[in-house]
Structures are given as structure tokens and as C-alpha cells.
Amino acid sequence: MGRSILEWGHGPGGTISGMLRFLTAGESHGPGLVTIVEGLPAGLEVSADALATELARRRWGHGRGERMSIEEDELEILGGVRFGRTLGGPVAVLVRNREWPDWQERMSPAPGDGFAPLTTPRPGHADLPGMLKYGTHDARDVLERASARETAARTIAGRLAKALLAEAGVTIVGHVVAIGGARAGGPAPGPGDLARVDASPVRCLDPVAEVVMVAEIDRARAEQDTMGGVVEVIAYGVPAGVGSHAHWDRRLDGLLAGALMSIPAIKGVEVGDGLAGAGRRGSAAHDEIVFGPEGFTRGSARAGGIEGGMSTGQPIRVRAAMKPLPTLARALRSVDVVTKEPAGAPAERSDTCAVPAAAVVAEQMVAWVLAGEMVRMFGGDTVGDFRGAVEAYRRRLARF
Ligand SMILES: Cc1cc2nc3c(=O)[nH]c(=O)nc-3n(C[C@H](O)[C@H](O)[C@H](O)COP(=O)(O)O)c2cc1C
């Protein structure tokens, strides 16, 4: 029997059978979040500690709310790993919600009647379109799954992808380049700078911009408002040729843009100089090709390491713009969907600014796409096979 169209379905990072794919399940205030990652080769080192450290990176950052400390994640590897290494089957991880005891009545999976429905949707959230689509007067039916808490589950998948990429000599670094009107100057972080980035309360390496960013967040919080910003992710060590020009849905820039756009509150994506490049002349917008002792090199890095939907061998550089968070302590106007009367949008505990956290989530999505494309390209049932195929390819490139 032939395969169904769904089995052959295609998406960011590749969902074709035999490739990497992941699925998450769970609600923000449910018992926990589950991540299932399929397609990892056997022998990849995985530890609950490494996953927990990555989750802690996502939780942290100036501007995040009280929930973040409560959220402290307790995780359990449920399958696919034995004695610290993947077995080749699906890897399943559960991240428990420590607040569950307080929520088990409100979020009970057992049959029953609603529990104090939330009838006023919050603008800027999934609430109203979700209520209309799924035919519910209780915004909680929608917002619990739409919550960015789901990005904790993605962080598990991203951390596993990073472990695989490390085997191929690829390192991913995310940082913040703007919060509100404050923009970072100075050099971008290098492959060894992640700890330095993480040491900044706003994940920004420019010390002057960092101070302004912190002050802007504090001012917004005092005024019961929120802030957005821009994050950048750089992938070092990706060999030339990852992705493909041959099909629209295999172009690496398209896959990265889709994956970054899938992060809640991300509203714009740039590859390389992106929008700024559109205002330049062609003579000042591309990276000329030079040949020397190191092989093919470029005099500049404007394209962000991607040409024709494929990596060029230069660092891959992408940016994502995050809107100011939509839950405001100073309620935005809304309407009660039952009474049709005007009402202030409810404000559950919420962040003032989650741009530093979004930099970590963006790392995960970039890692996921690159790992998916590299698995597609190099395959291997064991990590050694995968690494060997990458090394052989690098040798071929060096001889070109
Ligand atoms: C890491 C992270 C944390 C977030 N925290 C909040 C928050 O505390 N309050 C809020 O209103 N939105 C928060 N958001 C954004 C909302 O989840 C998002 O705006 C909403 O789900 C609607 O999706 P959309 O903005 O993509 O349309 C966060 C997003 C991310 C990536």
C-alpha cells in the first residue's frame, strides 16, 4: 500500500518519514508538557540535567514575571534513552507543572461542567479567534494550549537537536539585539560566547545597551506596560550546501523563517541583512567570492550565510522581531462574549518582556531546522554514522 499524503507531509525541519520530527502536548496549567522527538540516531548523549539546564535558560531574563520562578521545571525522560544515550527510538520527555495541585480542579480531564469560564478574550492572544473557531465561550479552552509555556516543550526538542549538531561541529548562539528603542552595537557573539550572553540579564553583550534595555523594561513595568524587541541567532560551523535550491519547501531560509515565525509573538524574520539590504544597491548588498589558501571565502557576510536556499559555509545569521507582550496589567479593551458588554481584558500573571527568553526559544527552532536538514542530508542510524558522513562531506568540500 502506498503512503498517505500525511505520512509524506513536509514542514520546518522535515516531517517526511525517516526524518526528524517532534510533537508536543499539554496545557500551560495542566499536569505537564510532553515532547516526543523521533528520528534521532542511536548513541546520542542525553541527560536530564542537560535538558533541565536548557529549560532554565528559557525561564530566565530581566522582565519575566513571578510565574517563572514557580515554573521551575521538573522533568522526566519517559522513553528512548538508556544509560544516558539514545536508543534510536522516539525520545519522550515529560516536564511536570509544579502548580498542578492548585489547578487540578480547573483543568481536570475528567468529565464535568466548566469551572468559572473566562468569557473575556484578551486582544493580541489566540483567545477570540480560538473561541470562534472551536465554539467555546471559555477562553481557557484556547489560551491554555496557546500559552508560550509550550515553548518549554520545544526547548527539549531543540536541546536534543543541539546535541546532534554538536556531533557535526555546529554551535548555535542566540542573543538580544534590541528591546524597545534600545539597540545593541558591537560585535556579535562568537561560538564560545553563550555563557557570556547568558550572564547578561537581557542576553545582550553590549554593556551600554544592556543598561538601557534593563531601564526600559523597568519603566514599562512601572507603567503597567510591556516591551518587544529583536533577537538574533547565529549558527557556526554549518557546512555549505545544507538546504536546497531545488524545491520551494527545502529552501533553508524558508524553513528557518517558518520555524522562527511559529514562536508565539514573533512577527518578523530577517535573514542576514534582511530588510536593511533591501534599501541598498546590488553592489553593496552581496558577498563577493574569493579563492585563497582556505578555499572559497567571502569579503563580507551580508547574506546571513544562505544563498539560493542553501548554506554557504559562512555563519548563518537570522533575526526575529517580537511584538510587545499582549497581556497588560493596565487592561486593554475587550468584550464579554456572553453579555456582549465592554470589559477589560483579564491579566493573569504575565511578563513585562520576554525577549531574552525568546532568544533561547529561537535558538531551539534554528537548531531544530538545521538538525532536521542535516539528518536528511547525512542520515545514519548511529551518531558515529552521522558524524562520519558529515566528516566525509567536509573532506569532499575541502577538495573541491
Ligand atoms: C518565551 C515567551 C514568553 C511569553 N510570555 C508572555 C507573557 O507572559 N504574557 C503575554 O501576554 N504573552 C507572552 N508571550 C506571547 C504570547 O504567547 C503570544 O503573543 C500569544 O500567544 C499570541 O500569539 P501571536 O503573538 O503569535 O499572535 C510569550 C512568548 C514567548 C515566546
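The values are calculated or read from the model by the stated rules, or taken from the named source; none is laboratory data. Just so it is clear, the model here is predicted, and its values are computed rather than measured. Here Cβ is always computed from backbone atoms with ideal geometry, including for glycine, and neighbour counts include all displayed protein chains. For the accessible areas, the whole protein counts, side chains as well, though only heavy atoms, and no ligand, DNA or RNA atoms are used. Shrake-Rupley method; radii C 1.70, N 1.55, O 1.52, S 1.80 Å.
Data table
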quantity	calculated
Net charge dipole size for the stretch 200-325 [Lys, Arg +1 and Asp, Glu -1 on Cβ; Debye, nearest 20]	260 debye
For the stretch 132-247, size of Cβ-based charge dipole, Lys and Arg +1, Asp and Glu -1, in debye	280 debye
Coil-residue GluC sites (Glu not before Pro) of the stretch 286-341, DSSP, other Cβ within 10 Å capped at 15	Glu288, Glu294
Two-site label geometry, Phe115 and Arg96: point separation in nm, points 7 Å out along Cα→Cβ	1.8 nm
Added length on full extension, which subtracts the Cα-Cα distance from 0.36 nm per residue, Val208 to Lys133	22.4 nm
Listed residue (Ala301, Gly268, Ala284) projecting farthest to the positive dipole end of the stretch 265-362, Cβ model	Gly268
Residue-normalised accessible area of the chain, given per residue in Å² at a 1.4 Å probe	48 Å²
Average Cα contact separation per residue, the chain, under 8 Å, 6 or more apart, as relative contact order %	23 percent
Simple Cβ-charge dipole of the stretch 251-375, Lys/Arg +1 and Asp/Glu -1, about Cα centre, in debye nearest 20	420 debye
Filtered trypsin sites (Lys or Arg not before Pro), the stretch 22-104: DSSP coil and at most 16 other beta carbons within 10 Å	Arg98
Distance in nm between pseudo-label sites at Ala285 and Glu391 (7 Å out along the Cβ direction from Cα)	4.2 nm
Distance-filtered residues of the stretch 149-170 - backbone nitrogen under 15 Å, label point 7 angstrom along Gln104 Cα→Cβ	none
Extreme residue, positive dipole direction of the chain, given options Thr327, Val177, Pro121 (C-beta unit charges)	Val177
Rounded percent of accessible protein surface that carbon and sulfur make up, the stretch 250-384, 1.4 Å probe	55 percent
Neighbourhood charge, 14 Å Cβ-Cβ cut-off, centred on Glu232 and excluding it, Lys, Arg +1 and Asp, Glu -1	-1
Length added when fully stretched, Glu45-Arg399, from 0.36 nm per residue minus Cα-Cα	124.3 nm
FRET E, pair His247, Thr339, Förster distance 35 Å, beta-carbon r, rounded to 0.05	0.10
Candidate lysines - alpha carbon under 24 Å from Lys133, same-chain residues fewer than 8 apart omitted	Lys267, Lys323, Lys340
Per-pair calculated FRET efficiency, R0 = 51 Å: Gln224 and Phe83 via Cβ, rounded to 0.05	0.50
Distance in nm between pseudo-label sites at Met261 and Phe296 (7 Å out along the Cβ direction from Cα)	2.8 nm
Shape of the stretch 119-241, Cα gyration tensor, a/c cut at 1.5	oblate
The chain: DSSP helices with Cα axial extent of at least 18 Å and average Kyte-Doolittle hydropathy no lower than 0.0	150-167, 207-222, 355-378
Loop-located trypsin sites (Lys or Arg not before Pro) in the stretch 316-361 whose Cβ has at most 15 other Cβ within 10 Å (DSSP)	Arg330, Lys340, Arg349
